[in-house]
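What follows is one structure encoded as structure tokens, with my remarks underneath.
The values are calculated or read from the model by the stated rules, or taken from the named source; none is laboratory data. From a predicted model like this one, the values you see are computed outputs, not experimental measurements. Positions of Cβ are generated from backbone atoms using ideal geometry, with glycine treated the same way; all protein chains shown enter the neighbour counts.
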Amino acid sequence: MRRRRWPVVVMVLGVLGLLTWYVVYTQHVVRQLRVAAAGQGQMYSRIFRALQDTSATQDPTVTLLELSQQIRESGLPLVLTDPDGRVYGAANLPFDEPLEGERTKAFVRDLDRQNAPILQPGFGGVHYGDSPIVRGLQVIPILQAIGIGLLVAFGIYALIERGRADREKVWAGMAREAAHQLGTPLSAMAGWLELLRDMVTTTTASRAVEAMEQDLQRLERVSHRFERIGRPPRDEQVDCAALVDRLASYFAARAPTLARTVRIRSEHPDGPLMTRGDKVLLEWVLEVLIKNAMDALAGRDGEVVVSAIPLPEGGVRIRVQDDGPGIPRKLRKRIFDAGFTTKDRGWGIGLSLARRIVQENHEGKLMLADTDRGAAFDVILNG
């Protein structure tokens, strides 16, 4: 439940962050506009005061110096040039270099691209740029639009994930209900097999009953797997050597032996190979890989080897390898995609489900290994 709520939390925090940023920035712009308005008011008052003061004691230089200081305080970048284009004055330059330098000339060209210069015949020109308020208004709305776009994209992604989670919940419920419904007929079949075992008198019939009991046990394990869908995996000790032996033995007894011969065997060092995980889910993964290997040998003789070895850095590698035709290179990137299959009656969920069990439930890896012949899938489990 907590995993499903995090997109909503991120959405709410993102909206609150954008609103807070918008309110804070607009208030900052309002304060800057008020300061600029106050500066313009002071500038106008000094100009009108100088115009109205006709006394001989009024020095216009003082007024001009005051206006120059007011321009500097406004933050407006400004450069003055003579009729020959030489720079003789500047204010609010973003660098500290001589006015006659090349960098200043380049800066003048940048200012002219922002705003047309004010040229006075016989005087020169005034080259000015944008104020800090204008520069901010050019950049901040773009950043806010990008933030809103990202938030909308994340919202769409969250809705898609929410829909997928709801579908998975429905499928998990259906799987557990199917497992529950299978419980009654499986229990009845177990009872009938007990009666049948007491009635058989031949060796062949006894072997048939034993095989049916093994299949019944497998059906019960499959039923238990469906009950586990959508629930947290178990964390228990798993002997990978015993696991590959059991599965190889089970499928070897059911491999084709008439029109074609498929051999299934296991390989591993002596002794147990222990790792932690969910035994039922790992068995499910290996069954998927072994079945796919047997299907790859359809119509030909071949061999499937289920091996397990310890890794030097810790953990266990389980490999399921066949000597069939292999997987075409152009399909290797798609074999783990849900719904992709090369079989006429396949659902395309086996490898996708197997990789999810290994990666999400066991924090391991399921990958297609490089081989000279056939196909090989490696299951990497941490110790």
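Criterion applied to Glu194, Glu267, Glu210 was being touching a Ser or Thr at 6+ places or on another chain (Cβ under 7 Å) and at pLDDT 80 or above, and the one residue passing it is Glu267.
Residues of the range 77-98 that are surrounded by fewer than 17 Cβ atoms within 10 Å (Cβ to Cβ) and either assigned to a loop (DSSP other than H, G, I, E, B) or modelled with pLDDT of 85 or more (or both): Asp82, Pro83, Asp84, Gly85, Arg86, Leu93, Pro94, Phe95, Asp96, Glu97, Pro98.
What's the total number of residues in the range 360-370 that are out of contact with any Asp or Glu (no Cβ under 9 Å at 6 or more places or on another chain) and either surrounded by 14 or more Cβ atoms within 10 Å (Cβ to Cβ) or of a type in the set (A, V, I, L, M) (or both)? Walk me through it before giving the result.
Residues of the range 360-370 out of contact with any Asp or Glu (no Cβ under 9 Å at 6 or more places or on another chain): 360, 363-364, 370.
Filter once more, so that each one left must be either surrounded by 14 or more Cβ atoms within 10 Å (Cβ to Cβ) or of a type in the set (A, V, I, L, M) (or both): 364.
Within the range 360-370, residues that are out of contact with any Asp or Glu (no Cβ under 9 Å at 6 or more places or on another chain) and either surrounded by 14 or more Cβ atoms within 10 Å (Cβ to Cβ) or of a type in the set (A, V, I, L, M) (or both) number 1.
With Gly129, Gly136 as the choices, which residue is surrounded by 14 or more Cβ atoms within 10 Å (Cβ to Cβ), touching a residue at least 40 places away in the same chain (Cβ under 8 Å) and touching a strand residue (DSSP E or B) at 6+ places or on another chain (Cβ under 9 Å)? Steps first, please.
Details: Gly136 fails: touching a strand residue (DSSP E or B) at 6+ places or on another chain (Cβ under 9 Å).
None of the others qualify; the one that does is Gly129.
Kindly indicate whether Ala175 is aliphatic (A, V, I, L, M) and modelled with pLDDT under 70. Outline the logic, then answer.
Working: aliphatic (A, V, I, L, M): yes; modelled with pLDDT under 70: yes.
Here the answer is yes, as Ala175 does meet what is asked.
Scan the range 337-382 for residues that are part of a loop (DSSP other than H, G, I, E, B) and modelled with pLDDT of 80 or more and the total you get is 8.
Looking across the range 219-262, the residues that are exposed (fewer than 14 other Cβ atoms within 10 Å of the Cβ), modelled with pLDDT under 75 and not in a loop (DSSP other than H, G, I, E, B) come down to Arg221, His224. Considering only the range 57-68, I want to know if a residue exists there that is part of a loop (DSSP other than H, G, I, E, B), modelled with pLDDT of 75 or more and surrounded by fewer than 10 Cβ atoms within 10 Å (Cβ to Cβ). No, the range 57-68 has no match at all.
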